[in-house]
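J.: Provided herewith is a single structure, encoded as structure tokens, for subsequent inquiry.
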């Protein structure tokens, strides 16, 4: 969340940032007013507390001097001040909680380099790679859900029977393809990123730390009996790995990765892009995440993008890199680059990775700090993350892009070591 001290000392920059995001300023102005009120109440409370302490000393002196009646009067006055102090203390706590609730819903401020814009139509295409719309044959213009059903590698109908709409079932070589993609992504990044396998169910404060709660509660799966949440991405548990800890600067940047299942209700997408693997409630993903100092953040942002982009390129897919505008940024992000692959059968650009820099927004919520090598005190770390590979849409783009005239699927060279010697998924005639 935003630093309250910044709201207090530099409100104009916060107004500017929120305005760039097309964010109403009402909550911000309310937070400022509440902050003024709480500081006034704290000042009055502290004065009363000091007065009570002074009266206590006077009472003691009067008792020692044998002036009991005067001491009793001061004790009564002290009790009245003490009761008022308790009322003020309760009011301070209530207002501070109200301020926190506002800050938890307020988005991060966009980076200065982030392009201005109202929505996804204003995103900036930085570059397009390996794409020629006229180079695709008719055999590649078949949607993956049709090819998947024909080859018996994707069974949406039975998944729907088991779990409902927007769940899918990979079968046979379709399941092996998904597993190969995951293992490829893990091995490609294992040179620098520590692999973890975090829990798939997390506590509320873990979801709050990344900004997924309270704002996006409708998109999350909640197990009410245990008050646990199914993670929408491994970003959630990885961000909280060092929650409430102080790290030494020497361990930064700290690079982490995890393969997990991810769960999203996609509550606002009913009836939109829901065929096949375009939008599903459960999927596998390999996530990259880093803790850094502010000075290390820029290089780490570039590194995560390069790693995610390199794998997409080696899978032989057409893709493009987008610089998200201020109106399309995720709530917690200050700057995001999206990787979109082209799926010729669906004739769509599909987002497969968002590479985001969150500044200290998430780490402030999670209370992850570091102790500078030179200097005193502690600073809040910066967090960055990106999908090394999200299976469903990459799977779809591979099946459509690498479909051959005989209906078979050529498997990209980079995943051959994980496919048990197979180089293709046979067509309907074997």
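The values are calculated or read from the model by the stated rules, or taken from the named source; none is laboratory data. Just so it is clear, the structure is predicted and the values come from calculations on it, not from any experiment. Quick reminder, even Gly has a Cβ in these numbers, built from the backbone with ideal geometry, and neighbours come from all protein chains shown.
J.: In the range 390-417, which residues are assigned to a helix (DSSP H, G or I), in contact with a helix residue (DSSP H, G or I) (Cβ under 7 Å, 6 or more places away or on another chain) and surrounded by fewer than 20 Cβ atoms within 10 Å (Cβ to Cβ)?
T.: Once the filter is applied, which keeps residues that are assigned to a helix (DSSP H, G or I), in contact with a helix residue (DSSP H, G or I) (Cβ under 7 Å, 6 or more places away or on another chain) and surrounded by fewer than 20 Cβ atoms within 10 Å (Cβ to Cβ), the range 390-417 yields only 414.
J.: If you go through the range 286-299 one residue at a time, how many are surrounded by fewer than 22 Cβ atoms within 10 Å (Cβ to Cβ) and either farther than 18 Å from residue 368 by Cα or at pLDDT below 95 (or both)?
T.: Selection size over the range 286-299: 2.
J.: Could you run through the range 167-183 and say how many residues are assigned to a loop (DSSP other than H, G, I, E, B) and either modelled with pLDDT under 95 or closer than 17 Å to residue 415 by Cα (or both)?
T.: So the count comes out to 1.
J.: Let me ask you something else. In the range 370-389, which residues are buried (at least 24 other Cβ atoms within 10 Å of the Cβ) and part of a loop (DSSP other than H, G, I, E, B)?
T.: 381
J.: OK, next. Restrict the check to the range 335-353 and report whether at least one residue is in a helix (DSSP H, G or I) and touching a strand residue (DSSP E or B) at 6+ places or on another chain (Cβ under 9 Å).
T.: Among the residues of the range 335-353, not one is in a helix (DSSP H, G or I) and touching a strand residue (DSSP E or B) at 6+ places or on another chain (Cβ under 9 Å), which makes the answer no.
J.: Look at the range 205-226 and say how many of its residues are touching a strand residue (DSSP E or B) at 6+ places or on another chain (Cβ under 9 Å), under 22 Å from residue 2 (Cβ atoms) and outside any loop (DSSP other than H, G, I, E, B).
T.: Total meeting the criteria: 4.
J.: For the range 184-196, give me each residue that is touching a helix residue (DSSP H, G or I) at 6+ places or on another chain (Cβ under 8 Å), farther than 15 Å from residue 261 by Cβ and part of a helix (DSSP H, G or I).
T.: Listed by number, the residues that qualify are 184, 188, 189.
J.: Given the conditions (1) within 16 Å of the chain's Cα centre (by Cα); (2) within 21 Å of residue 356 (Cβ to Cβ); (3) surrounded by fewer than 16 Cβ atoms within 10 Å (Cβ to Cβ), report the number of the one that residue 240 does not fulfil.
T.: Failed condition: (3).
J.: Might you check whether a residue that is touching a residue at least 40 places away in the same chain (Cβ under 8 Å), in a helix (DSSP H, G or I) and under 35 Å from the mean Cα position of the chain (by Cα) occurs anywhere in the range 44-59?
T.: no
J.: Next up: Identify, from the list 118, 93, the residue that is in contact with a helix residue (DSSP H, G or I) (Cβ under 8 Å, 6 or more places away or on another chain), exposed (fewer than 13 other Cβ atoms within 10 Å of the Cβ) and more than 23 Å from residue 212 (Cβ to Cβ).
T.: The conditions single out 118.
J.: I would also like to ask the following. Condition first: in contact with a helix residue (DSSP H, G or I) (Cβ under 7 Å, 6 or more places away or on another chain) and either farther than 13 Å from residue 283 by Cβ or touching a residue at least 60 places away in the same chain (Cβ under 8 Å) (or both). Now tell me which residues in the range 153-169 satisfy that.
T.: 153, 154, 156, 167, 168
Yes or no, residue by residue, for (1) farther than 19 Å from residue 91 by Cβ; (2) buried (at least 16 other Cβ atoms within 10 Å of the Cβ); (3) not assigned by TED's automatic domain parsing to the domain that holds residue 101:
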{"residue": "9", "(1), (2), (3)": "yes, no, no"}
{"residue": "12", "(1), (2), (3)": "yes, no, no"}
{"residue": "19", "(1), (2), (3)": "yes, no, no"}
{"residue": "22", "(1), (2), (3)": "yes, no, no"}
{"residue": "25", "(1), (2), (3)": "yes, no, no"}
{"residue": "28", "(1), (2), (3)": "yes, yes, no"}
{"residue": "36", "(1), (2), (3)": "no, no, no"}
{"residue": "43", "(1), (2), (3)": "no, no, no"}
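J.: Do we find that residue 82 is more than 20 Å from residue 45 (Cβ to Cβ) and more than 23 Å from the chain's Cα centre (by Cα) in this structure?
T.: Taking the combined requirement at face value, the residue does not satisfy it.
J.: What about residue 365, is it assigned by TED's automatic domain parsing to the domain that holds residue 207, crowded, with 16+ Cβ neighbours inside 10 Å, in contact with a strand residue (DSSP E or B) (Cβ under 9 Å, 6 or more places away or on another chain) and at negative phi?
T.: The answer is no for residue 365.
J.: Of the residues 73, 138, 83, which is loosely packed, with under 15 Cβ neighbours inside 10 Å and closer than 22 Å to residue 394 by Cα?
T.: The unique qualifying residue is 138.
J.: Could you check, for the range 303-313, whether at least one of its residues is surrounded by 19 or more Cβ atoms within 10 Å (Cβ to Cβ), farther than 13 Å from residue 386 by Cβ, modelled with pLDDT of 95 or more and out of contact with any helix residue (DSSP H, G or I) (no Cβ under 9 Å at 6 or more places or on another chain)?
T.: No: zero hits.
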